[in-house]
């Protein structure tokens, strides 16, 4: 049982349908055994036949899945689940964490990225955000937590779409794309949820950077990144316009940057650049991810960042694949022109390589 346990984070504002989804995951027949961490049992029906751990309130369902309440530190809960799996040989194939409607997923993701034990035994599968079709535009305009949840998502799932017309759904999708142009947008029918719609998507580490995401961005730029850094933490404020309201707009400061170069980047310079970026703007760096083509490295370098928690690791060899660096950022009030210029200083153009005496 040495394989890492995949973890899916499910977030979304109040009333988006998280409890309905969690109920479906716990009660639907499924080949995999899922441990679901909820903040309170509430409406989740726990028809358990076994108390696996009294102290942490871990219950095993009749279908073998586990349900537990998050009453202490998340790391402690995950350690308990891992111990149950290893010592009590209870089958646990994956974990789903439900956040509260007012919680931001950033600190949860950072916990995994900054805790060695969790890095060794767990891996983030995806951050999924449920979006209430009828209420999301109002929530985005009035609650920064809603914007954070959207900005952090690997995939956005629109719920209750049957309650609004096509035009309203179109406006909502446009707003979602303005906040997070890099996340897939799908629909989730709460009346007929399929487990495969939300687990096993493996999106957190996915490096799919489609060209369509780079078009028509008000703040589209280019940028680079690099190495193993584990800093502090937290998530942040966002503001972007909802033109029908005169209240403070919580999405005005959201900036999306997509950065790309086919020339190699200097390992040391990009390392220094990334360190300075995190130290200066870390709290406002919501999500950032990408692939780097480092000079002299035959392998891709994959990076992931959430606020000030950052990691980089070697990926697959480039072999015959096209070498390029592709980086995307979602942040708040970032100085995009300044960042673009400073990133350009890390790119090894032919002239720069000749200046440094490097072989092309």
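Sorting 146, 258, 178, 298 by the number of Cβ atoms found within 10 Å of their own Cβ, with the fewest placed first, yields 298, 178, 258, 146. Taken over the range 278-346, the alpha-carbon convex hull comes to 93 cubic angstrom per residue. Here the label points at residue 345 and residue 76, each 7 Å from Cα along the C-beta direction, are separated by 4.6 nm in the simple model.
Rg/Rh for the range 5-197 stands at 0.98; both radii use Cα atoms, and Rh follows the Kirkwood definition.
Between residue 83 and residue 19, the modelled labels are 3.1 nm apart [label points 7 Å from Cα along Cα→Cβ].
Annotation for residue 171 and residue 268: the two label points, set 7 Å from Cα along the Cα-Cβ direction, are 5.5 nm apart.
Readers should treat all values here as calculations from the given coordinates under stated rules, not as data from a laboratory. Keep in mind the model is a prediction, meaning the values are calculated, not measured. All Cβ positions, glycine included, derive from the backbone under ideal geometry; neighbour counts span all protein chains shown.
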